[in-house]
Each structure stands twice: as structure tokens, then as C-alpha cells.
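S.K.: Let me give you the structure first, and then I'll get to my questions.
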Amino acid sequence: MTKPVRIGLSGLGNMGRMYAQLLLNGEINGAVLGGVCSVIDAELKRYPGIPQFTDYKMMHRSGEVDAVIVATPHFFHAPMGIDAFQQGLHALIDKPLAVHKKDCERIIAAHKKTKGQAFSAMFNQRIDERFEKLKALIDEGQLGKIHRICWVITDWFRPEIYYQSAEWRGTWKGEGGGVLVNQCPHQLDQWQWLFGMPDRVRAFCHYGKHHDIEVEDEVTAYMEYDDGCTGVFITSTGEHPGVNRLEINAEHGRVQVCNNGLKFWRTETAVSEFSQTTREIFGLPEVWEIEIPTRGYEPQHKKMLQNYVDAILKGAPLLSPGPEGMRSVELANAIFLSSEQGKTVSLPINGAAVERILKKKAAESTHQKKIVKIKPPDITDSFNR
């Protein structure tokens with residue numbers, strides 16, 4: 001019988017507690033919680049009987065764990081992931097893979113030197129069936145050439161107390177950014193997964209517009225592709241009621257992902273072909289309105305964690321391979337860089353340039369905010385934030 005994978009968990013905040021709960025409840029086949037690591041003693045005390053560490057390097061070298069999950073504040077993702085690979089451990093890193101592209105490159109370089117350790121990134125929303133089916137439509141050519149993309153994500157509302165709940169939240173030094181690196185890595189990952197990386201970005205980031213924070217809480221970005229496709233990406237943590245609506249206009253009609261649905265308004269003929277051939281001055285191609293059925297919400301984090309364990313034990317293909325995590329980071333960095341420089345930036349970007357800017361912002365930060373102790377929220381696998 002195969003021995004279970006002993007997973008060490010670094011970071012015991014909201015997400016870390018959820019991963020620990022899944023493992024302790026026996027919901028992940030073939031895995032157990034082998035160790036927990038935190039610098040906060042009260043968090044460690046929640047796990048009596050589990051090996052406890054205050055230094056991730058000690059946990060990695062303890063012999064108690066075979067694999068790790070990194071669920072710490074963002075700037076720790078890179079050093080923890082790199083050290084895990086250097087110690088022969090498998091690693092799953094929560095989103096974002098890192099704060100900036102340069103650190104992503106360092107993690108990927110460390111993984112390339114391993115003997116095949118599993119390396120996964122937690123982009124659980126890839127397995128939302130709406131987006132799985134949308135990707136199939138795109139990959140199968142059902143939409144034809146995509147002309148325009150518009151994604152509005154304003155359902156990430158956060159009250160002020162959210163940012164007051166921890167010193168690292170909403171700061172350049174602790175978080176390295178705001179909505180782009182905390183809430184929207186999921187949508188940025190899905191953007192590149194569905195449409196590929198844009199060639200140019202022009203963006204506007206608003207820092208502390210809705211909250212007493214020093215990082216961005218509202219963003220508008222315009223994307224351009226060399227094939228003529230354009231896109232707009234809008235997000236905020238200061239609006240309510242919000243919406244998460246993705247709309248795609250293409251040769252064969254329009255697709256919309258919103259709430260729990262996926263709809264396809266499919267033209268009987270390609271729009272450009274109809275435009276060139278119709279003899280009616282106000283002619284319109286016939287449209288079929290298609291409601292594409294989906295199963296609704298599934299336990300995404302549980303499925304992703306099970307996939308990580310299956311990759312370790314059985315060699316299963318990863319649903320979200322770690323190296324792909326750099327793309328959403330680069331897209332976030334490009335949006336940030338464009339706003340900082342006040343101009344359009346081309347991709348790929350220079351990761352070292354973004355690293356220098358972020359280090360300067362962290363070093364110059366004088367922001368002071370009120371910190372409020374709160375009761376930790378109940379965490380379940382429906383927790384996507």
C-alpha cells in the first residue's frame with residue numbers, strides 16, 4: 001500500500017486553515033497533514049498533535065513532510081517555493097505564484113533543477129465548468145476569430161475592516177499590490193488561459209481610492225493583440241453590488257459568462273462574411289440563442305488539492321502547472337507598469353524593472369493604518385477569495 005503524502009502547510013490564515021481542514025477531515029485521498037508552520041503561536045495551537053514549526057526551513061528539513069503548500073503573504077511565496085524544491089519536496093503555491101515576474105523566474109529555475117517534483121499553482125477557478133466549456137468552444141473554433149473581450153469584475157468588495165485585519169494587507173511592503181495580486185490573479189490567469197497573452201497593455205491603477213490603503217483598489221486596463229483583438233479589464237474592491245461578467249465578441253457571435261450561466265448568441269454565418277455578401281442595407285445574420293448547461297459550483301480547492309496529490313502519487317497531469325502561474329503575474333505587472341509609467345507597455349516585460357519599482361515603493365512606504373483583531377471567518381471549500 002502506498003504511503004500517504006505528508007503535506008507541510010506554511011501559513012495558517014484564511015486559506016491555510018481551509019487546506020488544513022481538508023487534510024485533517026480526510027477529504028484528500030492519499031494525503032495527511034504532516035506539519036504546520038507559522039510565526040503566530042495562536043495559529044499553531046489550533047493543531048495539537050501535528051508537528052509545529054515557526055521557521056519554514058526547519059519544516060522543510062525536518063523529515064516530517066514530503067510536500068508543501070505555501071499559503072503565506074505573497075512575498076514569501078518565492079523563497080518558500082525555491083527552498084522546498086532545493087530540499088527535494090513537492091510544492092503547491094497559492095495564488096499569486098509571486099508578486100513579480102522576476103521571482104516567478106527564480107521559482108521556475110529552481111524547479112527545473114529538481115528530479116521531477118510536482119509543482120502546482122492554486123488557480124482553482126480554471127475548473128469552474130463555465131470556463132472549461134468556454135475554453136472548449138474557443139479551442140474547437142466554435143467562436144471563430146475573437147474581436148473584442150470585456151471583463152468586469154467588481155464583486156470583490158472588501159470593507160475597511162478587511163484591510164485592518166492584518167498588517168500586511170493593503171501595503172507595498174506586505175502585499176506588493178492590491179486587487180491585482182490578491183483578488184484578481186484568478187481572472188488574469190483565466191484571461192491568458194483562454195485568450196493568450198496580449199502584446200500591449202495601457203492601464204490606469206487607482207491607489208487607495210476606496211480604502212485607507214496604499215495599493216490599488218480599482219483598475220482599468222486596455223489590452224491589444226497583434227491580430228487586431230482588443231480587450232478591457234475592469235476590477236475594483238470598492239463597489240457593491242458588483243458583477244463578474246465576461247463578454248466575448250467574435251466572428252460567430254457573442255458569448256457571455258455571468259453569475260452561474262454561460263450563454264452563446266451564435267450567428268448562422270460568420271459576421272464578416274455576412275457583412276460582405278448581404279444585399280440588405282440593414283441586414284442582420286440570423287442568431288441562435290444557446291443556453292449552455294453547467295453543473296454549478298463544485299468544491300474547487302478540494303479538487304485542485306486532490307489533483308496535486310494524484311500528481312505526486314500517480315503522475316497525474318496537473319490541472320494548473322506551476323510555471324503557468326508566471327503569466328498572470330506578468331499580466332498584473334504589465335498593468336501596474338503601464339499605470340506607473342503613464343504609457344502603453346509591450347509584453348513580455350522586463351521583470352527586473354518591476355522588481356526595482358516595487359522594492360522602492362516598499363522602502364519608501366510610510367503608510368500607517370489601524371489594525372483590528374477579528375474573529376477568523378469560518379472557512380469552507382466554497383471560499384474563493
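S.K.: I'm spelling it out carefully: the read-out is percent of Cα pairs over 27 Å apart, the candidates are (i) 74; (ii) 55; (iii) 52, and one was derived from this structure. Which label?
M.R.: (iii)
S.K.: Continuing with the same structure: With no solvent and one point on each alpha carbon, what is the Debye value of log10 I(q)/I(0) for the range 157-286 at q = 0.11, 0.14 Å⁻¹?
M.R.: The Debye formula, applied to the Cα set alone, gives -0.54, -0.77.
S.K.: So, one more: Run down the lysines and flag those whose C-alpha is under 26 Å from the C-alpha of K373, throwing out any fewer than 8 positions away in its chain.
M.R.: K45, K95, K173, K209
S.K.: Taking a spot 7 Å from the Cα of T277 along the direction of its beta carbon, which residues of the range 142-157 have an amide N less than 17 Å from it?
M.R.: Counting only backbone N, you get 144-145.
S.K.: Count charges around A91 for me, please; just the other residues with Cβ under 12 Å from its Cβ, Lys/Arg as +1, Asp/Glu as -1.
M.R.: Taking every other residue near A91 into account, the sum is -3.
S.K.: Something else: If a/c stays under 1.5 just call it rounded; otherwise compare a/b with b/c (prolate if a/b is bigger, oblate if not). Do that for the range 80-214, with a ≥ b ≥ c from the square roots of the Cα gyration tensor eigenvalues.
M.R.: oblate
S.K.: OK, next. Can you give the accessible area per residue of the range 86-174, in Å², using a 1.4 Å probe?
M.R.: 40
S.K.: Another one. Mind ordering 43-56, 108-121 by average Cβ neighbours within 10 Å, highest first? Let's see the in-between values first.
M.R.: Numbers: 43-56: 15.0, 108-121: 17.7.
With the highest mean Cβ count within 10 Å placed first, the list reads 108-121, 43-56.
S.K.: Sticking with this structure for a sec: For T171, what is the net charge nearby, where nearby means another residue's Cβ is under 10 Å from its Cβ and Lys, Arg count +1, Asp, Glu -1?
M.R.: With Lys, Arg at +1 and Asp, Glu at -1, the net is +1.
S.K.: Let me ask something additional. Can you give the convex hull volume of the alpha carbon atoms of the range 1-117 per residue, in Å³?
M.R.: 100
S.K.: Among 33-41, 78-86, 342-350, 176-184, how do they line up from the highest to the lowest mean number of other beta-carbon atoms within 10 Å?
M.R.: Listed from highest to lowest mean packing, they are 176-184, 78-86, 33-41, 342-350.
S.K.: Post the alpha-carbon centroid distance, the range 150-224 to the range 1-73, in whole angstrom.
M.R.: Each part's Cα centre sits 29 Å from the other's.
S.K.: Starting from the Cα of K263, draw a straight line to each of the aspartates and glutamates and keep only those under 19 Å, dropping any in the same chain fewer than 8 residues away.
M.R.: Reachable aspartates and glutamates: D128, E129, E132, D139, E140, E247, E251, E286, E289, E291.
S.K.: Select from A352, A250, P4 the residue farthest towards the positive end of the dipole of the chain; place +1 on Cβ of Lys and Arg, -1 on Cβ of Asp and Glu, and compute about the Cα centre.
M.R.: Highest projection toward the positive end goes to P4.
S.K.: Still on this structure: First compute the accessible area of the chain with a 1.4 Å probe, then give the percent of it belonging to carbon and sulfur atoms.
M.R.: Numbers: 9060 of 17460 Å².
C and S fraction of accessible area: 52 percent.
S.K.: Once both axes come from the Cα atoms, what is the angle between helix 14-24 and the longest principal axis of the chain, in degrees from 0 to 90, rounded to 10?
M.R.: Taking Cα atoms only, the helix is inclined about 70 degrees.
S.K.: So for the chain: antiparallel DSSP bridges make up what percent, rounded to the nearest 5?
M.R.: 60
S.K.: May I ask for the net charge around V287, where only other residues with Cβ less than 10 Å from the Cβ of V287 are counted and Lys, Arg are +1 while Asp, Glu are -1? Could the numbers behind the result be given before it?
M.R.: Working: positive: R254, R266; negative: E268, E286, E289.
Residues near V287 contribute -1 overall.
S.K.: Turning to a different aspect of this structure: Measure nothing but the geometry: give the 0 to 90° angle between the long axis through the Cα atoms of 325-341 and the longest principal axis through the Cα atoms of the chain, rounded to 10°.
M.R.: 70
The values are calculated or read from the model by the stated rules, or taken from the named source; none is laboratory data. In this text the structure is predicted, and so the values were computed from the model without any measurement. Cβ coordinates were reconstructed from backbone atoms using ideal geometry, including for glycine residues, and neighbour counts include every protein chain displayed. Please note that ligands, DNA and RNA were not included when accessible areas were found on the heavy atoms of the full protein model with its side chains. Shrake-Rupley method; radii C 1.70, N 1.55, O 1.52, S 1.80 Å.
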